[in-house]
Every structure is written in C-alpha cells, then in structure tokens.
1. State whether one or more residues within the stretch 239-261 are under 25 Å from H450 (Cα atoms) and away from ligand 2 (no atom under 16 Å from the Cβ).
2. Could you run through the stretch 484-527 and say how many residues are touching a Ser or Thr at 6+ places or on another chain (Cβ under 6 Å) and of a type in the set (D, E)?
3. When you scan the stretch 327-337, do you find a residue that is touching a helix residue (DSSP H, G or I) at 6+ places or on another chain (Cβ under 7 Å), closer than 23 Å to A369 by Cβ and not small (G, A, S), even just one?
4. Of everything in the stretch 488-507 that's part of a loop (DSSP other than H, G, I, E, B) and touching a strand residue (DSSP E or B) at 6+ places or on another chain (Cβ under 7 Å), which residue is farthest from C181 (Cα to Cα)?
5. Among the residues of the stretch 293-305, which ones are within 16 Å of ligand 3 (Cβ to nearest atom) and either surrounded by fewer than 22 Cβ atoms within 10 Å (Cβ to Cβ) or acidic (D, E) (or both)?
6. Give me a count of the residues in the stretch 501-515 that are within 20 Å of the chain's Cα centre (by Cα), away from ligand 1 (no atom under 16 Å from the Cβ) and of a type outside the set (A, V, I, L, M).
7. Among the residues of the stretch 22-42 satisfying the criterion of being assigned to a loop (DSSP other than H, G, I, E, B) and under 25 Å from the mean Cα position of the chain (by Cα), which is surrounded by the fewest Cβ atoms within 10 Å (Cβ to Cβ)?
8. Please go through the stretch 475-486 and pick out each residue that is assigned to a strand (DSSP E or B) and surrounded by fewer than 20 Cβ atoms within 10 Å (Cβ to Cβ).
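The values are calculated or read from the model by the stated rules, or taken from the named source; none is laboratory data. If you're wondering where the values come from, they're calculated on a predicted model, not measured in any experiment. All Cβ positions, glycine included, derive from the backbone under ideal geometry; neighbour counts span all protein chains shown.
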Amino acid sequence: APRPVEGARGLRFAPVAPNTADQVTVPAGYSQNVVIRWGEPILRGAPAFDADKQSAKAQAGQFGYNNDFLSLLPLRGEPNRQLLVANHEYTDEILMFRGYDPENPTREQVEIAWAAHGLSVVAVEGERRTGRLAPVSRHHLNRRLTATSRFELTGPAAGGALVRTSADRTGRTVLGTLNNCAGGTTPWGTTLHGEENFNQYFAHASSATDKRYGIGTGASERKWERFDKRFDLAQEPNEAHRFGWVVELDPYDPESTPRKRTALGRFKHEAAQPRLTDDGRVVVYMGDDERFDYFYKFVSSQRMKKGNSRAAHEHNLTLLDEGTLYVAKLTGDSPATEIDGTGKLPSDGEFDGSGTWIPLATAGPRGEAVSHVPGMTAEEVYVFTRLAGDKVGATKMDRPEDIEPSPRTGRVYVVLTNNADRGKAGKAGADEANPRNLNKHGQILELAEHRDDPASERFAWRLFLVAGDPADPATYFAGFPKEKVSPISCPDNVTFDPHGNLWISTDGNQLGSHDGLFGVATRGERRGELRQFLTVPTGAETCGPIVQDRRVLVAVQHPGEIDGASVEKPASVWPDGPGRIVRPSVVAVWRTDGEDIGL
Ligand code: FEO
Ligand code: CA
Ligand code: CA
Ligand code: CA
C-alpha cells in the first residue's frame, strides 16, 4: 500500500518527480497496464499487428494511430465492461513505416494513414479487483471510422454552396474525419470529437479565408493530394470547408452515420464539452487552438429529453443543430499599465475581470439561420467562424485548448496552453487574461457564468493557474504556497475526478522533463495544490485523461516524436521495449491495493 500522504481527497498520493524516463511513471503504490496499442485488431477479421506487413485493409479493422480524447461509457448488462471511444488525431509516417520517404509516399502508405485516422469504438473489460483493462475484440459495438468513412453534415451550413463539391453536389455527405483532438461526452450518451488541425491535409490554397485557417499554398506535408484530388484545393476548393467541425457519434448504434454539427462553428476545434441549463438546454464550450484565437460556446434552443426511449434519443440527436453560437470577449479589471507582460500580479492581487458572450449566429429547426455579425451571412459565419470572431472583436487568447465545466461548482476551466508569439512585433501584447509575453508555459482561466446560468451572456473570470516552474515568480497556483506544488508546463486536456478535483494533462513541457498528468484541488484550503500523478515516455504528450474512483486512464500520444527520429532510429521504444516499434497506446493506472485513487 502507498504511504499515507496529506492532501485533498482524491489527491493523496506522493507526487511523481519530473523526469525523462522512456516509460509511464506512476506514484509509489500504483500499478499500470497498456490497455490497447496502435494496430491491435478490434473488428472481426482484422489481423494481428505486424509493422512490416501493415496494409490499409488491416489498419481499417485495427485501433488507429495517435490516440487523443478518450470516453468511457457504461455497457448495461455486461458486468465489468465499458465502451471506450478514442480519437486518432493524426499519423506520424516516419515512425510508422520503415524507410519512409516523405517526398514520395506510396499509395499503400497513404491509404494506411487514412485508415489510421479517425475514431475507434472498442469494448474494454476490467478485472474486478484492479483497474486493469483489456480490449474485447470483435464486440458487436466495436467500430472504426476513418478518413474515408461516410459522415453527414447537419445544421445551418449543411447543403450550402460553400460545402458542395464535385463528388457531393448536395453538400451533405463528407468522407472522413481528420485530426480529432479532444472531445466530450453528452448526457444523452453520444460523444463529441473536435476536428482540429485539418489545414495540414490540404494543398494549394489560394483564398483569404483558407489562409485565415492556416492552409498552405504549396503541397501538403503528407502529399495526399497526389492520391485523392479532393485534398487539392486548386481542384476542389470547398473540400476543406467540410472539415473543422465538431463530430457527434452515437457509439451505441454501430449502424449510425456520425454527424458534423455545423451549428457549432468551424475552426480548429480542440474539444467540445456539454452541460445542461436548469431548464434542460445544452451548452457546449469549445476552444480554437491557435495563437491569438478565440473560445466559444453554443446554447441549444431545445431541451434535452430524459429517459431511454427511442423518441427521446432521436430528439436529443437534433439538439446540436438548433441554437446560438457565441464567442468570448474578456475585459480585465486592473489598469492596462499594471499588466507589464512579465506575469507580475497587478495591485489588486489577481488576474481577473468580466466578460461577455457575443452572439454570432442563431440556427433554427430546419437549417435556416440568422447572422448577428454585420457584413456576414449566417452561412459565412458558420463556415468562416474565425472571421466572425475577428469582426466582433473577440479576445485573442493564448491557444485555447480543452474547456470543461466543473460538475461540482459549475465553474468553467479554460486551458490556454502557451503562445510564444504574444508580445512579438506586430502581434498583440499581454492583457490581463493572457498576462505573459512570449508565453512558454500557459495558464488556466476559471470562468463563472453570471448567476451560474450556463446560457448567460455575461461572466466573471480569473486566472486559476499561471503555469511554469513554481520557483519562477511569474507563476501562480491560485494563491497556494508554491514550494508545495509540482512544476507544470503547457496544460492541454482536463477532466474532473469524482471528488471535484481538476486533472490536467500536458503537451510540450518547456521545463526539460516529460509531459504528464496532474491533479489539483479547485476548492477549499488546498485550492491550487497541484501534484503530478504520472509522466509519459520520450516525445509523448498526455491525452484523454479519465479519472474514475479506482482507475485513471490516459492516452499516450506520439511517443518517440523527436526531430530526426524514425523507425530505424527510434527515440522511444515504449511500450514493448528495444527492437519493437514505438506504438501510441492507452494506459490504465490503479492503486495496487485496490483502494480508491488518491484516498
Ligand atoms: Fe491537438 Fe490542441 O491539441
Ligand atoms: Ca485584476
Ligand atoms: Ca490537445
Ligand atoms: Ca496541444
């Protein structure tokens, strides 16, 4: 058993020290297992993984690459089983294929990459006494969705001129989902998946709007346009408009077509986390992960129907098509002269202020919509949402990643991962919500909706955490004594444990050690006491955290992704050791004595 450690309930573990070990390091008294690896067969007929004999057909039945967001859903009537839903954000060809030539990918390599993107649904089975989990291959709900599966566009932009292509003149059917980063789980049992850096898959952009979304004018990095002309915007200019959406998947219905919900806007969606208003409407918080971009929320017009009836479920599957999309504007309460760009606290002792949710457009029940942005049609607001945010003067943030409301307090945590360009020549300088220039380590903002109404158009905010080495005077841990906290850099995904503590995973640690997972109390005397729970292998980021009573789950994404590394010259040999190919994988962690996490 672990030695007793003082701390908030759920966070009583000995913190893991920062390190650079090529492994998942967990606290003393905790155990772990690899739940599922890239390439493990999940569908009937899929072969066992063989890195040297991989094929697109095999990959389409196997767990995809670069697992990111995770959701664990109940499986009624199946004791000790749950349904795992995973995002597969992108592929690292140089770490997947022996002898990969980035200038000349083969058709088979490209088709394997298409099949390694997307989403996986896979039943997992646990032992009663531990947190160990293993996949149930060939479960009837197991499913793969890839870059070539059928998706439906729904909501106000569906069917419009901006999303029609030569292959889809209706503008309603898209092949594939790309770059699914973080996501969310709805109260009606579906999962949401944010299409993030979709720009990288497209070649030969020429429009100003494509430029605003970061799509390049030359060839794409992966050269997919050589194998399918839809990735060449010179030939198919609207194809990129069909990516950058929030996808809703019904994992309990393996026959269902997943939907891209256009009412939630188009940008580099990091995540989408829903909650309910007191009267049952749905509010979804969303970040656009780009330097100087915005964060958003969607408020549905209709109320969620409770219960397990088919009619209720069908109704709930329309909630995200009808409602209002907002963007956030923040104002600090301290004089601008007190925000000097170093992270020094202003004289009122807090980075804080007020904010408004600015409405951008409202979608009605049959796809009709009204724009609230002068000079833009509703269709333009939905497809070019970033430009709508520009027009209304939304606040330029330090890369908004995951955003989650606390199920205990209703406060919303907005994760701002970093922004090395803040304060550079020609760029916006520090403001109270983004108080450091050349911001390497990021911050977490705590937002309180006016009168605790998630649909409110007003809010208050303050910074909860200004990340970095606690010895650095420019860091802040909600006022908690800094000599007692773990260093943290580049927060990215967040979740809550059953006690209401916030758990934070990181991506891109700038303090010289590996990324990891941290827990922090948000209430009480220990508010701000941050502890590192685990670290991940060389080159990896920590994703998809889930914290249950007796189990922590993380997605270890892009292990071994270090400049110059390849299959032949690996930077990591996780999880299978020397001589074996590095594989992004999901890991479960539990207390070895079978007791609750952190108690
Ligand atoms: Fe895919 Fe913003 O992390
Ligand atoms: Ca202030
Ligand atoms: Ca992320
Ligand atoms: Ca990230």
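1. At the first step, the residues of the stretch 239-261 found to be under 25 Å from H450 (Cα atoms) are none.
Scanning the stretch 239-261 turns up no residue that is under 25 Å from H450 (Cα atoms) and away from ligand 2 (no atom under 16 Å from the Cβ).
2. Total meeting the criteria: 2.
3. Step one: filter the stretch 327-337 for residues touching a helix residue (DSSP H, G or I) at 6+ places or on another chain (Cβ under 7 Å), giving 327.
Cutting the leftovers down to closer than 23 Å to A369 by Cβ gives us 327.
Next cut, not small (G, A, S) only: 327.
Taking every residue of the stretch 327-337 in turn, at least one turns out to be touching a helix residue (DSSP H, G or I) at 6+ places or on another chain (Cβ under 7 Å), closer than 23 Å to A369 by Cβ and not small (G, A, S).
4. So in the stretch 488-507, the residues part of a loop (DSSP other than H, G, I, E, B) come out as 489-490, 497-501, 507.
Still in the list and also touching a strand residue (DSSP E or B) at 6+ places or on another chain (Cβ under 7 Å): 489-490, 497, 501, 507.
On the way: S489: 19, C490: 16, D497: 21, N501: 23, D507: 12 Å.
Going through the qualifying residues, I end up with N501.
5. D293
6. Summing the residues that are within 20 Å of the chain's Cα centre (by Cα), away from ligand 1 (no atom under 16 Å from the Cβ) and of a type outside the set (A, V, I, L, M) in the stretch 501-515 gives 3.
7. Filtering the stretch 22-42 down to residues assigned to a loop (DSSP other than H, G, I, E, B) leaves 22-24, 26-29, 38-40, 42.
Okay, now just the ones that are also under 25 Å from the mean Cα position of the chain (by Cα), so 22-24, 26, 38-40, 42.
Working: D22: 21, Q23: 18, V24: 26, V26: 21, W38: 26, G39: 24, E40: 20, I42: 23.
The residue in question is Q23.
8. First pass over the stretch 475-486, keeping only residues assigned to a strand (DSSP E or B): 476-477.
Selection gives nothing.
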